[in-house]
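Undergrad: Take this structure first; my questions come after.
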Amino acid sequence: MSKYIDSIIAGFGGQGVMLIGNLLAYAGMNAGLNVTYIPVYGPEMRGGTANCTVVLSEEEIGSPIIRSPHSLIAMNRPSLDKFQPRLMDGGIQIINSSLIDKELVETERVKSYLVPANDIADKLGNSRMANMVALGAFIKASGIIDLTAVIESLPNVISAHYSHLIPKNAEALQAGANTVA
Amino acid sequence: MSKNGEKLFIKGNEAIARGAIAAGLKCYFGYPITPQNDIPEYMSAALPAVGGEFVQAESEVAAANMLIGAAACGVRSMTSSSSPGISLKQEAISYLAGSQLPTVIVNMNRGGPGLGDIGPSQGDYFQAVKGGGHGDYRVLVLAPGTCQEAYDLVIKAFDLAFKYRNPVMILGDAILGQMKEPVSPWTPEKIDENEGHDWRLCGAKGRKGRILKSLFLSEGSLAAHHEHLQNKYADMAEFTQQEEYQIDDAELVVVAYGSIGRIVKSTIKKLRNNGHKVGLFRPITLYPFPSGDLKKLAEQGKKFLTIEHNLGQMVEDVRLSIRTITDSDFFGFLPGNLPTPDDFEEPILKSLGGK
């Protein structure tokens, strides 16, 4: 079975879901995979969540748009409400348990990782890096690419203006990965 | 062609802009409209940096008419817009075709009619391939399905425009424009800087003056012009391009183009894994339409289903292609919705099971 995963990454505006979507896709490309990234477009964007779909595959990618994804990163409650029901049976999801009540999270049908992303980011000194914590956990849980490929791609997706934050972002990615056994 | 090595991770819109510059674009005229704004945005910085001219015109109408001027001088020129903006450009496109001026026009199709929405749609197929402006004319229409193909086809578009002295349209949609994919950039080895040397307007010193026009009043002159255009359009039919996927043993051939073509490909991949004999025919040239190859498939006894992100437009060209042998089913995914591979499973299975 060749490598393949598709993922919806969702949160509210400002949580940096587009940034980690870009980062995941870029790292996938650097790891030699085919990738697509598409931000939500059309009527869906009026639903209170910002989200994007990333596909990584060894084979050529057909659709960049996926209704029932293999995986989900849910950064806030509306994202969980909207996308958890769509997640494929046996899929995996990273749940930002700092902002999402764990009672709402499915555990039987899909594999869920509860990651207190905001709390971990706070401890690292910057709550805005909750997105990186979640992505780090996703990389470890999915096993689709190595975390080093993601860390090495940081300079390609973070604008030069914020390049001084790259080491801290790398730390946040690692901290996220560490939450996944 | 020389490959540049470095792989870019860019939107379809940016791939188009970069491809055009690699093809030697010298003049871009545009006016903002979603979802193609990344094209003028990229051009505004990148084109002046390589010695070209970027103009944000006062309107779509103005931008399209600036194309007439640049193209008449044999300059590699381009405009881009999205559905309502392309409607505004149609008068100039008719004049460009009538005056036989080479240029590239990008339409990142959004929802219509009227202002519609900013989401993806294929509602502009008729407008693109059947004219859109007044008079008997054709525009070459190329429909990329991936960001790489968008890059490659823009380069091809400039060559075709000058080969036939005709406008060429790149027809994409909001999916292609907004999606990011890896693109391997390349630059054509040779860009003829002297294109149009025997017709372009460049000052008549030492030779007879030239006239580029679309007005033919003297007796018989318009008919002669039309005969020439007709022959030119017939010549264009010599090249058509399509992607064929899992078609050899397919009982049902699904015909779909652009973004919808690649989404349908995912559906077909899944159905194939479940043992269903279905294949994809994705026209890349929408005008000229690959009628001959479709007809050959019809002669092999295959069934057809056309899938579009509209109420039924390309299906007419599919039916014309195979009309003496068979017919095509049609499934229209309504514009205003975002399609996924799941949406096409049922209609494909239904057509496959039909008589």
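The values are calculated or read from the model by the stated rules, or taken from the named source; none is laboratory data. The structure presented is a predicted model; accordingly, all values stated were derived computationally and were not measured. Cβ placement follows ideal geometry from the backbone for every residue including glycine, while neighbour counts extend to all protein chains displayed. What goes into the accessible areas is simple: the full protein's heavy atoms, side chains included, and nothing from ligands, DNA or RNA. Shrake-Rupley method; radii C 1.70, N 1.55, O 1.52, S 1.80 Å.
Undergrad: When chain B is modelled as a GNM with alpha-carbon springs shorter than 10 Å, which of B:Gly209, B:Gly292, B:Gly112 fluctuates the most?
TA: B:Gly209
Undergrad: Select from segment B:135-212 those trypsin sites (Lys or Arg not before Pro) which occupy a DSSP coil region and have at most 11 other Cβ atoms within 10 Å, ordered by residue number.
TA: B:Lys190, B:Lys205, B:Arg207, B:Lys208
Undergrad: While we're on this one: With r defined as the distance between the Cβ atoms of A:Thr148 and B:Ala204 and R0 fixed at 45 Å, what FRET efficiency is calculated, to the nearest 0.05?
TA: 0.10
Undergrad: Continuing with this model, one more query. Using the Kirkwood radius built from alpha carbon pairs, what does the Stokes-Einstein equation give as D for segment B:136-275 at 4 °C and 1.567 mPa s, in µm² per second?
TA: Rounded to a whole number, D works out at 69 µm²/s.
Undergrad: Which of the pairs A:Lys3/A:Lys140; B:Lys7/B:Lys163; B:Lys26/B:Lys130; B:Lys130/B:Lys232; B:Lys163/B:Lys190 have their Cα atoms more than 20 Å apart in this structure?
TA: B:Lys7/B:Lys163; B:Lys26/B:Lys130, as the Cα separations exceed 20 Å there.
Undergrad: Report the longest stretch of chain A that contains none of the GluC sites (Glu not before Pro) sitting in a DSSP loop with at most 15 other Cβ atoms within 10 Å.
TA: A:109-181
Undergrad: Hey, got the average number of other protein chain Cβ atoms within 10 angstrom for residues in B:336-344?
TA: 4
Undergrad: Okay, moving on. Considering the convex hull of the alpha carbon atoms of segment B:281-355, report its projected area averaged over all viewing directions, in nm², one decimal.
TA: Across all orientations, segment B:281-355 yields a mean hull projection of 5.3 nm².
Undergrad: Something else: Along Cα→Cβ, 7 Å out, is where each label goes; now give me the distance between the ones at B:Leu349 and B:Ser59 in nm to one decimal.
TA: My value for the distance between the label points is 5.2 nm.
Undergrad: Just the number, please: buried accessible area between B and A, total of both chains, 1.4 angstrom probe, nearest 100 square angstrom.
TA: 2200
Undergrad: Continuing with this model, one more query. Report Rg (one decimal) and Dmax (nearest whole number) for segment B:218-327, counting Cα atoms only, units Å.
TA: 16.8, 65
Undergrad: Hey, another quick one. When the scattering of segment B:1-55 is computed by the Debye formula from its Cα atoms alone, each counted once and equally, what is log10 I(q)/I(0) at q = 0.13, 0.20, 0.25, 0.31 Å⁻¹?
TA: Taking Cα atoms of segment B:1-55 as identical point scatterers yields -0.32, -0.72, -1.04, -1.33.
Undergrad: At a threshold of 8 angstrom on Cα-Cα distance, excluding pairs fewer than six apart, so keeping six or more, what relative contact order does chain B reach in percent?
TA: This gives 18 percent for chain B.
Undergrad: Please give the average number of partner chain Cβ atoms lying within 10 Å of the Cβ of each residue in A:64-70, rounded to a whole number.
TA: Taking the mean over all residues of the peptide, I get 6.
Undergrad: For B:Lys7 paired with A:Glu60, estimate the spin-label separation in nm (one decimal), with each label point 7 Å from Cα along the Cα-to-Cβ line.
TA: Distance between the two pseudo-spin positions: 1.6 nm.
Undergrad: What does the helix-only formula give at 222 nm for chain A: each DSSP H stretch with n ≥ 4 adding -39500 (n - 2.57), the total divided by the residues, and the result rounded to the nearest 500 deg cm²/dmol?
TA: Rounded to the nearest 500, it is -11000 deg cm²/dmol.
Undergrad: Quick one: Karplus J couplings for segment A:75-86, per residue in order, coefficients 6.51, -1.76, 1.60, θ = phi - 60°, nearest Hz, x for Gly and Pro?
TA: Residue by residue, segment A:75-86 yields 8, 8, 4, x, 5, 5, 4, 7, 9, 4, x, 8 Hz.
Undergrad: A further question follows. Taking a point 7 angstrom from the Cα of B:Lys232 along the C-beta vector, which residues in segment B:202-217 have backbone N less than 18 Å away?
TA: B:202, B:210-217
Undergrad: On a straight-distance basis, which aspartates and glutamates could pair with B:Lys303 in a cross-link, Cα separation under 13 angstrom, same-chain partners fewer than 8 positions away excluded?
TA: Hits, sequence-local ones excluded: B:Asp248, B:Asp249, B:Glu251, B:Asp327, B:Asp329.
Undergrad: Can you give the FRET efficiency to the nearest 0.05 for B:Thr326 and A:Met88, using r as the Cβ-Cβ distance and R₀ = 56 Å?
TA: Computed FRET efficiency for B:Thr326 and A:Met88: 0.90.
Undergrad: Can you give the extra length, in nm with one decimal, that the chain gains between B:Phe126 and B:Asn37 once fully stretched, where that is 0.36 nm per residue apart less the Cα-Cα distance?
TA: 29.7 nm
Undergrad: GNM on chain A, C-alpha springs below 10 Å: top fluctuator among A:Ala160, A:Ala170, A:Ala130?
TA: A:Ala160
Undergrad: Rank B:Asp38, A:Asp119 by accessible area, highest first, at a 1.4 Å probe radius?
TA: Greatest to least solvent exposure: A:Asp119, B:Asp38.
Undergrad: OK, next. Between rounded, prolate and oblate, where does chain A land on the alpha carbon gyration tensor, with a ≥ b ≥ c its root eigenvalues, rounded for a/c under 1.5, else prolate if a/b exceeds b/c?
TA: rounded
Undergrad: Then there's this: Check the straight Cα-Cα distances from B:Lys208 and name the aspartates and glutamates below 12 Å, setting aside those fewer than 8 residues away within the same chain.
TA: B:Asp198
Undergrad: Cα centroids of segment A:117-181 and segment B:262-294: how far apart, whole angstrom?
TA: Cα centroid to Cα centroid, the span is 40 Å.
Undergrad: Which value in Å is the Kirkwood Rh of segment A:42-121 over different Cα pairs?
TA: 13.5
Undergrad: While we're looking at this one, here's another question. When the distances between all Cα atoms of chain B are binned every 10 Å from zero, what whole-number percent does each bin get?
TA: Spelled out bin by bin, chain B gives 6, 25, 33, 24, 11, 2, 0, 0 percent.
Undergrad: Now for a different question. I want to verify the translational diffusion coefficient of the protein assembly as shown in µm²/s; compute it with Stokes-Einstein, Rh as the Kirkwood radius over Cα pairs, at 37 °C and 0.692 mPa s.
TA: 133
Undergrad: I've got another one for you. Round to a whole angstrom and tell me the spacing of the C-alpha centers of segment B:308-324 and segment B:64-118.
TA: 25
Undergrad: For all pairs of alpha-carbon atoms in segment A:83-148, what percent lies in each bin of width 10 Å, listed from the first bin to the last filled one?
TA: Binned Cα distances yield the sequence 22, 47, 28, 3.
Undergrad: Can you give the longest stretch of chain B with no exposed loop site, where a site means GluC sites (Glu not before Pro) in a DSSP loop (not H, G, I, E or B) with at most 14 other C-beta atoms within 10 Å?
TA: Here the longest run is B:59-188.
Undergrad: Shape of segment A:131-181 from its Cα gyration tensor (a ≥ b ≥ c, root eigenvalues): rounded if a/c is under 1.5, otherwise prolate when a/b > b/c, or oblate?
TA: prolate
Undergrad: Ok, one more. Give the shape of segment B:173-237 as rounded, prolate or oblate, defined through the alpha-carbon gyration tensor: a ≥ b ≥ c are the square roots of its eigenvalues, a/c under 1.5 means rounded, and otherwise the shape is prolate if a/b is larger than b/c and oblate if not.
TA: oblate
Undergrad: Could I ask something else about it? Dividing the Cα radius of gyration by the Kirkwood radius, what Rg/Rh value follows for segment B:111-191?
TA: Ratio of gyration radius to Kirkwood radius for segment B:111-191: 1.01.
Undergrad: Based on DSSP H assignment, which helices of chain B show an axial Cα extent of at least 30 Å together with a mean Kyte-Doolittle hydropathy greater than or equal to 0.5?
TA: Helix filter hits for chain B: none.
Undergrad: Still on this structure, I have one more. What are the lysines whose alpha-carbon lies under 17 Å from the alpha-carbon of A:Lys123, with same-chain residues fewer than 8 places away excluded?
TA: Leaving aside lysines fewer than 8 places away in the same chain, those within reach of A:Lys123 are A:Lys168.
Undergrad: Give me the net charge of B:Gly279's neighbourhood, meaning all other residues with Cβ under 14 Å from the Cβ of B:Gly279; Lys, Arg count +1, Asp, Glu -1.
TA: +3
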